[in-house]
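Structure first, then comments.
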Amino acid sequence: MVRSLGIPARYVSGFAYTDWNDLNDFGSHAWAEVYFPDYGWVAFDLTYHEFGYVDVGHVKLMQSLDAGESSIKFNVLGNGIDIEANELLIDIELIEKAGEVSPKINLSVDIIEEEVDFGSYNLIKVEVENLEDYYVSSTLYISNTTKLEVVGENKQSVLLKPNEKKEIYWIIKVDKDLNEGYYYMLPVEIYTRNGERASINFTSKEGADELSFSEVNFMVEASKEESEKIYSKKIELE
């Protein structure tokens, strides 16, 4: 797709750490690299939602124009020669680790209602701030908490301009079959693979305010519409 726009791109193959099918080990994998002038080749892995980088669990073995070029080749000179290839063995050992990745984004989380009834919906609002003077992409995850259901996916990807701030939203629902007479404190945590985290608590008890899905969804749409409006900073009203 980027080649159709005149941007150089190439195919990369190797290994990556995965928990797919409960493998929990390194497996064969492929991703892409895109060329940026004055910077070089930058990795993009759509499978892992890693745009502009790949994590340290990726081990690059080769690069080529596309997937049609094999990573293993045999050259044979002579007649009557048979080649039997054994299964590819993957054995990766961590030799050393050092340093820490500094945070590229800052997270702050807020909640619409601090106390709701059993079975009520609620809205999580997350402000994401790019701390760098260049574009940053990240995938945010919301924790899977007992007695809480996340409406939709538990992850969202975001692309931020230099020093830009954005708001993203999650709609959650409290379990309606909670024990009467009890007071529940429910934690919500937002995190990224790079270690950035933010958390908040809210409570649920019988007889508190109850929000419907339509009410919470209206809040989301209204907030998105407000954030998309462009206001001049040079207007004075008297």
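The values are calculated or read from the model by the stated rules, or taken from the named source; none is laboratory data. Quick caveat, the model's predicted, so the values are computed rather than measured. Cβ coordinates were reconstructed from backbone atoms using ideal geometry, including for glycine residues, and neighbour counts include every protein chain displayed. Accessible surface areas use protein heavy atoms only, side chains included; no ligands, DNA or RNA. Shrake-Rupley method; radii C 1.70, N 1.55, O 1.52, S 1.80 Å.
Any chance region 23-40 includes a residue that's open to solvent by less than 60 Å² (accessible area, probe 1.4 Å), aromatic (Phe, Trp, Tyr) and in contact with a Gly (Cβ under 8 Å, 6 or more places away or on another chain)?
yes
Among 55, 66, 38, which is the only one that is at positive phi and assigned to a loop (DSSP other than H, G, I, E, B)?
After ruling out the rest, the residue left standing is 38.
Yes/no matrix, rows are residues, columns are (1) touching a residue at least 40 places away in the same chain (Cβ under 8 Å); (2) over 26 Å from residue 131 (Cα atoms):
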| site | (1), (2) |
| --- | --- |
| 165 | no, no |
| 173 | yes, yes |
| 180 | no, yes |
| 186 | yes, yes |
| 192 | yes, no |
| 195 | yes, no |
| 206 | yes, yes |
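Determine which single condition residue 201 fails, assuming it passes every other condition in (1) free of Cβ contacts under 8 Å to residues at least 24 places away in the same chain; (2) touching a Ser or Thr at 6+ places or on another chain (Cβ under 9 Å).
(2)
All but one of (1) of a type in the set (Val, Ile, Thr); (2) touching a Gly at 6+ places or on another chain (Cβ under 7 Å); (3) without any contact (Cβ under 8 Å) to a residue 40 or more places away in the chain hold for residue 235, so report the exception by its number.
Every condition holds for residue 235 apart from (2).
Would you call residue 130 more than 13 Å from residue 172 (Cβ to Cβ) and not hydrophobic (A, V, I, L, M, F, W, C)? So that I can check it myself, show each step before the final result.
Details: more than 13 Å from residue 172 (Cβ to Cβ): yes; not hydrophobic (A, V, I, L, M, F, W, C): yes.
Judged against the criteria, residue 130 is a match.
Please verify whether residue 76 is modelled with pLDDT of 85 or more and either at negative phi or not in a loop (DSSP other than H, G, I, E, B) (or both), treating the condition exactly as stated.
Considered against the rule, which asks whether it is modelled with pLDDT of 85 or more and either at negative phi or not in a loop (DSSP other than H, G, I, E, B) (or both), residue 76 comes out as no.
Filter region 103-131 down to residues that are surrounded by fewer than 17 Cβ atoms within 10 Å (Cβ to Cβ) and assigned to a loop (DSSP other than H, G, I, E, B), then give me how many there are.
Summing the residues that are surrounded by fewer than 17 Cβ atoms within 10 Å (Cβ to Cβ) and assigned to a loop (DSSP other than H, G, I, E, B) in region 103-131 gives 4.
Checking the condition part of a loop (DSSP other than H, G, I, E, B), open to solvent by 20 Å² or more (accessible area, probe 1.4 Å) and among the aromatic types (Phe, Trp, Tyr), which residue from 184, 141, 134 passes?
Within the list 184, 141, 134, the selection yields 134.
Could you list, in sequence order, the residues of region 188-212 that are more than 20 Å from the chain's Cα centre (by Cα), open to solvent by 50 Å² or more (accessible area, probe 1.4 Å) and not small (Gly, Ala, Ser)?
Taking region 188-212 as the starting set, the residues that turn out to be more than 20 Å from the chain's Cα centre (by Cα) are 201-212.
Adding the requirement that they be open to solvent by 50 Å² or more (accessible area, probe 1.4 Å) leaves 201, 205-207, 209-210.
Answer for region 188-212, where residues must be more than 20 Å from the chain's Cα centre (by Cα), open to solvent by 50 Å² or more (accessible area, probe 1.4 Å) and not small (Gly, Ala, Ser): 201, 205, 206, 209, 210.
Which residue, of 98, 67, 43, is of a type outside the set (Asp, Glu), within 27 Å of the chain's Cα centre (by Cα) and open to solvent by less than 60 Å² (accessible area, probe 1.4 Å)?
43
Is it the case that residue 4 is among the polar types (S, T, N, Q) and out of contact with any Phe, Trp or Tyr (no Cβ under 9 Å at 6 or more places or on another chain)?
When the stated conditions are applied, residue 4 passes them.
Cβ-Cβ distance below 7 Å, separation of 6 or more or different chains: which pairs start in region 152-163 with a residue that is part of a loop (DSSP other than H, G, I, E, B) and end on one that is of a type in the set (Ser, Thr, Tyr) and surrounded by 12 or more Cβ atoms within 10 Å (Cβ to Cβ)?
Every condition considered, the pairs that remain are 154/141; 161/135; 162/134; 162/135.
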